[in-house]
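A short reminder: the numbers here are calculations on the coordinates, not readings from a lab. Not measured: the values here are computed from a predicted model.
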Amino acid sequence: KFNRFNKSSLRVLVITDKYIAKLDANSFKLLKEPVPLQNVSRISVCPEPNGLFIIHVADNDVVGCLKNPKEEERVGELIGVLLAQYE
């Protein structure tokens, strides 16, 4: 997350069988109301290997960057986990 001063904050994205939730990376407290998976209309990913993605929801999109210490590709894993919830 980037605030209005362009300072970043780490977040945790949790995907369950019914919801997508954003948690604080330090306290693991829920930051906003979880998004029901049934409200997801589509997913967009950046063609560059930077891990950027958008989960489009009717009222408020979830925008994120999947970065990790080992610089591993995680976008495919995100898509796979979301797809598995629809099967």
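Of note:
- Compared with the alpha-carbon gap, the fully stretched path from Asn50 to Leu82 is longer by 9.6 nm at 0.36 nm per residue.
- The alpha-carbon of Lys18 sits under 19 angstrom from the alpha-carbons of these aspartates and glutamates, leaving out residues fewer than 8 places away in its chain: Glu33, Asp59, Asp61, Glu77, Glu87.
- For Arg74, no residue has an amide H sitting under 5 Å from its own, ignoring neighbours fewer than 5 places away on the same chain, with H placed 1.01 Å from N.
- Cα centroid separation, the stretch 13-51 to the stretch 53-68 (Å): 7 Å
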